[in-house]
Amino acid sequence: MDPKRWVIAALLGFIVVGLSVNLFTRDHGVQSHDQYYFSFLREFKETILNTIDGSWMFSTTNETKPNEAKEQQSKTPGHHHHHVPLSPNLTACHRSLSDADRPVYCCPPKPASEETVVEFQFPDPSAPLRIRRPAHKLDKEFISKYQRAIAIMRGLPSDDPRNYMRQANIHCIYCTGAYNQMHSNSLLKIHRSRMFFPFHRMMIYFHERILGNLIGDDTFALPYWNWDNPDGGMFIPDFYLNGSFVDTQREKTHLPPQVADIDFDYVERGLGTEDQIEYNVNFMYHQMISGAKKTELFMGCPIRSGEDGFCDGPGTIELAPHNALHTWVGNTVNPERENMGAFYSAARDPIFYAHHSNIDRLWEVWRELNDKKLDINDPEWLDSHFVFHDEKSQLVSIRIRDVLDISKLGYAYERSDNVWMNARPKPAVPPKIARQILKLKEQQEHQNNLLLPTNRQDFGPEGRTLDDTLRLKVQRPKINRTSKEKEEEEEVLVIYDIDVKKDSYVKFDVYVNAVDETIIGPESREFAGTFVNMRKGVRLIMNPGDAVPKKKKSTYLKLGISELLQDLEAEGDESIWVTIVPRGGTGVNTTVGGVRIEYIR
């Protein structure tokens with residue numbers, strides 16, 4: 001770099017420091033009357049940083065072009081990718097095709113990039129709090145008000161962003177990867193990573209405010225489908241069967257009085273009402289407590305911008321009840337179990353919003369259970385932002401850091417009894433007896449050479465197809481950890497390189513030290529967790545130059561097993577028996593690369 005450029009870079013460096021101080025004061029509660037000023041500062045700062053980080057650093061006497069500089073940058077040994085927050089590139093929206101090559105177009109009538117985008121501003125703190133209540137406890141007055149709001153929304157012109165189908169298509173755009181990321185040719189992906197909770201919170205926040213605005217009620221709040229509550233919450237709420245709440249594309253055999261199966265296996269479990277309720281409560285304990293003791297286990301993997309930042313590791317609640325219930329509500333007759341059973345069509349069903357309100361509530365419950373100690377403080381995640389139309393049809397950019405305090409967003413949840421908190425399961429077979437039986441089984445299989453093929457923890461580049469139950473013995477890297485180690489780190493079972501062929505529903509369950517996995521479920525301590533793949537329902541028409549995720553960044557499932565091993569009296573064992581059980585015949589579409597144990601702090 002020539003001396004003139006060094007001087008400019010140094011000056012810009014001083015400006016950046018000055019701007020950083022300004023931004024620091026903003027992020028630490030210093031009030032200002034002008035949010036736009038701060039927005040300008042933030043963008044100006046990013047521009048300068050990108051400029052300094054970009055072509056100037058690689059300037060040669062021949063004036064290297066920016067694109068060539070990027071190439072040089074990527075070739076520079078030891079160069080670290082300069083991460084930027086995730087956000088959508090609004091200049092293009094991918095078209096989609098259904099499996100039958102039917103065009104499915106979710107993009108807005110005119111590109112969002114042609115609209116003015118304003119920075120999000122918090123609602124007036126003196127406005128009344130919107131209280132989200134359990135859907136099965138609503139009174140007739142509220143139901144008729146909500147019904148009227150949806151009817152008005154359905155009647156708006158199709159080019160109005162507040163129109164019902166346009167609202168549903170927001171989910172289709174973001175959840176099928178129809179937008180690329182800013183500053184990258186990679187698709188923007190908000191499922192199966194830690195973008196899942198904040199994105200859906202934003203989406204239903206704006207939807208709720210639009211509905212309230214349409215009926216002139218600034219106290220209007222979406223109900224939540226309290227499917228984790230055994231006291232009447234585990235059925236599709238009755239009012240969804242009437243008026244503008246009707247969706248004809250629900251699975252008819254799952255309408256009331258059928259209890260929801262929040263861990264749906266794609267086949268009917270055939271349990272009676274009481275047994276299914278008990279099953280659901282036990283399953284919730286695992287997904288919210290014993291399997292969710294670290295941030296990544298609950299929130300999902302730490303996705304970052306760009307091709308190298310891609311990750312595919314969903315958290316407990318997203319896998320099930322979230323994915324499982326979407327599929328359970330969706331119609332078996334339809335090719336992708338539309339509406340609820342596929343990402344592209346799910347938000348067309350009004351029950352989608354009540355389902356996601358409960359998901360959102362459970363995020364708050366989990367944060368409270370952990371005294372907010374597991375909250376993410378990575379600035380890249382906090383500054384990731386998405387755009388939505390508000391109640392005035394204005395396009396708004398909202399950051400994740402803006403939605404972490406729901407009281408600032410002006411809503412709260414009516415308390416519900418989380419009965420599942422006290423549903424810690426017990427071993428199906430006393431651990432000492434189980435260990436003896438498993439050793440005998442292992443000896444028999446050794447004699448018959450049955451265990452040898454599955455005793456590898458890594459299945460090689462081709463992986464193993466889950467066309468049948470898979471049993472293997474997995475070595476534990478650490479035995480007899482100190483109490484300090486146990487407190488600080490979670491032992492995690494990782495099933496990696498999960499490869500789902502085509503866009504299909506896949507589910508498999510995982511057990512540890514199970515004597516007979518065919519007769520137990522989440523009510524038994526041996527249950528370690530579940531994997532559920534939900535369909536997008538469409539495939540995108542790729543744009544020239546779009547990046548396709550690299551194979552090495554494939555899907556993985558992380559299951560927290562510290563509490564489970566403690567209850568199975570297996571903490572001192574050198575190895576554990578792991579059983580992977582494909583469900584509903586869906587494993588034929590799936591291979592896994594292997595199983596290992598790691599530790600998350």
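The values are calculated or read from the model by the stated rules, or taken from the named source; none is laboratory data. Keep in mind it's a predicted model, so treat the numbers as computed, not measured. Note: ideal-geometry Cβ built from the backbone for every residue, glycine included; neighbour counts use all protein chains shown. In case anyone asks, the SASA skips ligands and DNA or RNA and just uses the protein heavy atoms, side chains included. Shrake-Rupley method; radii C 1.70, N 1.55, O 1.52, S 1.80 Å.
Quick notes
- Search result, residues across region 499-533 that are in contact with a Leu (Cβ under 9 Å, 6 or more places away or on another chain) and part of a loop (DSSP other than H, G, I, E, B): Asn513, Ala514, Val515, Arg525, Glu526
- Filtered by the rule that a residue be hydrophobic (A, V, I, L, M, F, W, C) and in contact with an Asp or Glu (Cβ under 7 Å, 6 or more places away or on another chain), region 381-397 gives Leu395, Val396.
- You will find that of Arg435, Arg424, the residue that is modelled with pLDDT under 95 and open to solvent by 30 Å² or more (accessible area, probe 1.4 Å) is Arg435 and no other.
- Of the residues making up region 222-241, one or more are without any contact (Cβ under 8 Å) to a residue 60 or more places away in the chain and part of a loop (DSSP other than H, G, I, E, B).
- Matching entry among Lys486, Lys502 (being out of contact with any strand residue (DSSP E or B) (no Cβ under 7 Å at 6 or more places or on another chain) and over 27 Å from Gly584 (Cβ atoms)): Lys486
- All positions within region 406-421 that are surrounded by fewer than 18 Cβ atoms within 10 Å (Cβ to Cβ) and either within 19 Å of the chain's Cα centre (by Cα) or not charged (D, E, K, R) (or both): Ser407, Ala412, Val419, Met421
To keep it simple, each residue is scored yes or no on (1) touching a Pro at 6+ places or on another chain (Cβ under 8 Å); (2) at pLDDT 90 or above; (3) closer than 24 Å to Asp160 by Cβ; (4) surrounded by 11 or more Cβ atoms within 10 Å (Cβ to Cβ).
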site: Asp101; (1), (2), (3), (4): no, no, no, no
site: Tyr105; (1), (2), (3), (4): no, no, yes, yes
site: Pro111; (1), (2), (3), (4): no, no, yes, yes
site: Thr116; (1), (2), (3), (4): no, yes, yes, no
site: Glu119; (1), (2), (3), (4): no, yes, yes, yes
site: Pro123; (1), (2), (3), (4): no, yes, yes, yes
site: Ser126; (1), (2), (3), (4): no, yes, no, no
site: Ile131; (1), (2), (3), (4): no, yes, no, yes
site: Leu138; (1), (2), (3), (4): yes, yes, no, yes
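- With a requirement of 2 or more residues that are farther than 17 Å from Glu490 by Cβ, the strands (runs of 3 or more DSSP E) lying completely within region 556-601 that satisfy it span 575-582, 590-592.
- Criterion violated by Val581 - all others in (1) of a type in the set (A, V, I, L, M, F, W, C); (2) under 19 Å from Arg464 (Cβ atoms); (3) surrounded by 24 or more Cβ atoms within 10 Å (Cβ to Cβ) satisfied: (3)
- On the stretch given as region 151-189, residues that are over 16 Å from Ser393 (Cβ atoms) and either free of Cβ contacts under 8 Å to residues at least 40 places away in the same chain or not in a loop (DSSP other than H, G, I, E, B) (or both) total 11.
- Top-ranked residue in region 454-484 [being at pLDDT below 90, in contact with a Lys or Arg (Cβ under 9 Å, 6 or more places away or on another chain) and not in a loop (DSSP other than H, G, I, E, B); ranked as nearest to Arg535 (Cα to Cα)]: Asp458
- Arg166 being modelled with pLDDT of 95 or more, under 23 Å from the mean Cα position of the chain (by Cα) and among the basic types (Lys, Arg): yes
- Test: residue in region 308-323 that is over 15 Å from the mean Cα position of the chain (by Cα) and over 23 Å from Ile351 (Cα atoms): yes
- Within region 551-590, the set of residues being within 22 Å of the chain's Cα centre (by Cα) and among the hydroxyl-bearing types (Ser, Thr, Tyr) comprises Ser554, Thr555, Tyr556, Thr586, Thr590.
- Every residue from region 208-244 that is open to solvent by less than 10 Å² (accessible area, probe 1.4 Å) and among the hydroxyl-bearing types (Ser, Thr, Tyr): Tyr224, Tyr240
- Looking only at region 81-99, and only at residues there that are open to solvent by 30 Å² or more (accessible area, probe 1.4 Å) and part of a loop (DSSP other than H, G, I, E, B), the one that is nearest to Lys502 (Cα to Cα): Asp99
- Of residues in region 153-207 being small (Gly, Ala, Ser) and crowded, with 23+ Cβ neighbours inside 10 Å, the one farthest from Ser554 (Cα to Cα): Ala178
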